[in-house]
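Novice: Below is one structure. I have some questions about it.
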Amino acid sequence: MAQKELDPVYRNARREAIVILGVYVAALIYTVTYCYIFGYDRDVATITTYWGIPDWVCWGIFLPWTICSIITAWFVLFFMKDDDLDHDPWDDQPNSTHPSRMTSSDEHESDAG
């Protein structure tokens, strides 16, 4: 039995979701692990600060946040595809009552009727 080919819109959406989920999981694992290792059970004398912010916050939160922002910009500018969503099924019906095609007189008739 031949496998049915997936819709290109679905295939692209699934591919994009996998990438987003992968980046999210990687950032989550890195952040939680780094902050746990370097943020807890440390001698206060070993904590350095950058502009008053502890080093583990800079490297465990700000760095992944910055990297995720850069990845997001790359993702939306170069990776995402603009898919054609075909035509609107309401276009095939000449006398449709689709809300975007109703005139003010149609609205009054539908309210009265």
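Just so it is clear, none of the values below were taken in a lab; they were calculated from the coordinates. Source: prediction; values computed, not measured. Ideal geometry is used to build each Cβ from the backbone, glycine not excepted, and the neighbour counts take in all protein chains shown.
Novice: Just want the ordering: TRP56, TRP74, from fewest to most Cβ atoms lying within 10 Å of their own Cβ.
Specialist: Values: TRP56 18, TRP74 10.
Result, fewest neighbours first: TRP74, TRP56.
Novice: Give me VAL76, VAL44 ranked fewest to most by other Cβ atoms within 10 Å of their Cβ, as a rough exposure proxy.
Specialist: Ascending number of Cβ neighbours within 10 Å: VAL44, VAL76.
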